[in-house]
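Working notes, beginning with the structure itself.
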Amino acid sequence: MFEGKRYMTVGVKETVGLDIQIIIWSMIDDIRKKNDFNIDYLQVFELETIEINGFEFQKITHKQEVEPYSVTKVFRVEKTVNCKMFVISNKDEEGQEYSVMMLSHEY
């Protein structure tokens, strides 16, 4: 799962910075590398702005339900956001795999 072409919705393009998008894709790539782990077709990301010593950081919590998984990381990014995002893996009519990153309200 999560191989092939990667897309994003207009909401993601307008709301979430490229640096955060790259971080999220890399978090998915990290979970794909785990041995003996069943990755779910639906990956959930909760993004929250936190302040540490007067500086804003991006807190990202990555979750999935089918095989319970949760990891939280903090990053320094250009512009923080507060939202919930989904990344969904699917196949087209020809069986080619693709993934879509979207804001939760776009699902």
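The values are calculated or read from the model by the stated rules, or taken from the named source; none is laboratory data. Keep in mind it's a predicted model, so treat the numbers as computed, not measured. Cβ placement follows ideal geometry from the backbone for every residue including glycine, while neighbour counts extend to all protein chains displayed. The accessibility values were calculated without ligands, DNA or RNA, using every heavy atom of the protein model including side chains. Shrake-Rupley method; radii C 1.70, N 1.55, O 1.52, S 1.80 Å.
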Only residues that are farther than 18 Å from S99 by Cβ and either exposed (fewer than 12 other Cβ atoms within 10 Å of the Cβ) or of a type in the set (F, W, Y) (or both): list them for region 53-66, please.
-> N53, G54, F55, F57
How many of the residues making up region 1-18 are more than 15 Å from L103 (Cα to Cα) and more than 12 Å from the chain's Cα centre (by Cα)?
-> 4
Residue check, I28 more than 13 Å from the chain's Cα centre (by Cα) and aliphatic (A, V, I, L, M) = no
Subset of region 1-36 [closer than 21 Å to K73 by Cα, small (G, A, S) and open to solvent by 40 Å² or more (accessible area, probe 1.4 Å)] | S26
Taking I39 and the conditions (1) exposed (fewer than 14 other Cβ atoms within 10 Å of the Cβ); (2) not in a strand (DSSP E or B), which numbered condition does it fall short on, given that it satisfies the others?
-> (1)
Give me the pairs, please: first residue somewhere in region 63-81 and more than 23 Å from G17 (Cβ to Cβ), second residue anywhere and among the aliphatic types (A, V, I, L, M) and surrounded by 12 or more Cβ atoms within 10 Å (Cβ to Cβ), beta-carbon distance under 6 Å, and either six or more positions apart or on two chains.
-> none
